[in-house]
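Working notes, structure below.
The values are calculated or read from the model by the stated rules, or taken from the named source; none is laboratory data. Bear in mind the structure is a predicted one, so any value in this text is a computation, not a measurement. Quick reminder, even Gly has a Cβ in these numbers, built from the backbone with ideal geometry, and neighbours come from all protein chains shown. Ligands, DNA and RNA are stripped out before the accessible areas are found, and what is left, the full protein with its side chains, is counted by its heavy atoms. Shrake-Rupley method; radii C 1.70, N 1.55, O 1.52, S 1.80 Å.
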Amino acid sequence: MDLSWMAWTWQTATFFVVIALLLAGMRVWEWAQPGGAPRHGVLGLDTTRGDRLFISLLSAAYIHLGWLAATAAPLWWATVLSVVFAAAVFRWV
Amino acid sequence: MNKTWNNGAWFMVLPVLLIVALNAVVPLMTVVNYSVQETFGDNLFFFEGARWFRDVLASERFHASLGRQFVFTGIILAIEIPLGVAIALAMPRGGIWASVCLVLMALPLLIPWNVVGAMWNIFALPDIGLLGYGLNWLGFDYNFTRQPLSAWFTVVLMDVWHWTSLVVLLAYAGLRSIDDSYYQAARIDGASRWAVFRFIQLPKLKHVLTIAFLLRFMDSFMIYTEPFVLTGGGPGNTTTFLSIDLVKAALGEFNLGIAAAMSLIYFLMTLLVCWLFYTLMMQGSEKS
């Protein structure tokens, strides 16, 4: 199958592979350590693990966009910030 | 709860998943790929990193069309939701007239977007259209091809004409599903018409109105065909909403990188709003 029309780059391919791995990882986590049932978090929302992953990913996108809009500093710092934020989401939301 | 969990049924969803993968995920991935590259055609791409995102986020043009988009969506929601509820309340509860009203209400919804745009274009022309000619005859200086205010008035009026029916139908269905005993209790308590609306009808309509709000928000946020056919985004850029601007960048100027970055930002906004509404709706329904 010729995929050249999709104009792949290794950067974007890595991005999608990481997302796929995250989804697979969530499955393994639930299988190894069940506990994905909804719980009541600090935002007053009942969230499952999947919800928290979604919130983390969506926030990561906005953190990166905000970083690009606000500063010219390297984008990696936004990625670090997103990971910290995601950890907080998984811990408290 | 001692239910047996069998996730085998999920395999039945596989065909749908495949179709969605082909018509949504693959194009979306391609857009992500475009958004980090520059191309001059001929399938030649050059990596540019986050440059297009920076450009779009700093672009006056993007801010302007985004602002217009929010103003437009805000205006039509502020008109269509209350108007839709008011019409639904005024409609007969049963009998032949209820059916007549429902059919009349459903008619605008059946007309394709481009036809609506073309209809309103002719309808609003100042020299031959009924609306345009009528307004000028009444003494208003109205010309939607030249005056931004007239253009906005026409676009908003067109959307209200086309889509208020959707809110009406949803609200009407919601009103019909309210049990008669609530009204009887209200009558015994001597509740006023306003109190009946405020404490019985409105709370019971909460869910359908959330759905109506969500549908109208998304639809108006993505609106393209009607204003494009009616005004083409003009006069100047005054009715160039986000999607019209996006198509201009992608197909008019062939700025695939900029257009891809714009669509992803657009997509993220839609995703956030959908998630917010969905969460609020689900949390609300669990509590009640």
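Couple of notes before you dig in:
- Within region A:27-57, the set of residues being modelled with pLDDT of 90 or more, under 26 Å from residue B:31 (Cα atoms) and not basic (Lys, Arg) comprises A:53, A:54, A:55, A:56, A:57.
- Look at region A:16-44: where a residue is free of Cβ contacts under 8 Å to residues at least 40 places away in the same chain and a partner is in a loop (DSSP other than H, G, I, E, B), sitting 6+ places away or on another chain with Cβ atoms under 7 Å, you get A:30/A:36; A:36/A:48; A:37/A:48; A:38/A:48.
Matching residues to (1) within 17 Å of the chain's Cα centre (by Cα); (2) open to solvent by 30 Å² or more (accessible area, probe 1.4 Å); (3) of a type outside the set (Gly, Ala, Ser):
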residue	(1), (2), (3)
B:219	yes, yes, yes
B:225	yes, yes, yes
B:235	no, no, yes
B:244	yes, no, yes
B:254	no, yes, yes
B:271	yes, yes, yes
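- Criterion applied to A:41, A:66 was being buried (at least 16 other Cβ atoms within 10 Å of the Cβ), within 12 Å of chain B (Cβ to nearest Cβ) and in contact with a helix residue (DSSP H, G or I) (Cβ under 8 Å, 6 or more places away or on another chain), and the one residue passing it is A:41.
- Residue B:268 being part of a helix (DSSP H, G or I), of a type outside the set (S, T, N, Q), within 14 Å of chain A (Cβ to nearest Cβ) and more than 30 Å from residue B:119 (Cα to Cα): yes
- Listed by position, the helices (runs of 4 or more DSSP H) enclosed by region B:48-138 that each have at least 3 residues that are farther than 30 Å from residue B:209 by Cβ are B:51-58, B:60-90, B:113-124, B:130-137.
- Listed by first and then second residue, the pairs linking a residue in region B:251-268 that is in contact (Cβ under 8 Å) with a residue 40 or more places away in the chain to a residue that is in a loop (DSSP other than H, G, I, E, B) and not β-branched (Val, Ile, Thr), with Cβ atoms under 7 Å apart and 6 or more places separating them unless they lie on different chains, are B:257/B:35; B:257/B:48; B:260/B:35; B:261/B:35; B:264/B:35.
- Condition check for residue B:84: within 11 Å of chain A (Cβ to nearest Cβ), among the small types (Gly, Ala, Ser) and open to solvent by less than 60 Å² (accessible area, probe 1.4 Å): no
- Pairs linking a residue in region B:227-248 that is closer than 19 Å to residue B:217 by Cα to a residue that is acidic (Asp, Glu), with Cβ atoms under 9 Å and 6 or more positions apart or on different chains, are B:227/B:159.
The rows are residues; the columns are (1) farther than 30 Å from residue B:256 by Cβ; (2) touching a helix residue (DSSP H, G or I) at 6+ places or on another chain (Cβ under 8 Å).
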residue: A:7; (1), (2): no, yes
residue: A:13; (1), (2): no, no
residue: A:31; (1), (2): yes, no
residue: A:34; (1), (2): yes, no
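- Here A:20, A:73 are screened, and the one residue that is open to solvent by 30 Å² or more (accessible area, probe 1.4 Å), within 13 Å of chain B (Cβ to nearest Cβ) and either modelled with pLDDT under 90 or in a loop (DSSP other than H, G, I, E, B) (or both) is A:73.
- One residue from B:252, B:234, B:257 being out of contact with any helix residue (DSSP H, G or I) (no Cβ under 9 Å at 6 or more places or on another chain) and either farther than 21 Å from residue A:58 by Cα or not hydroxyl-bearing (Ser, Thr, Tyr) (or both): B:252
- Meets criteria (under 16 Å from residue B:242 (Cβ atoms) and more than 10 Å from every other protein chain (Cβ to nearest Cβ)) for residue B:72: yes
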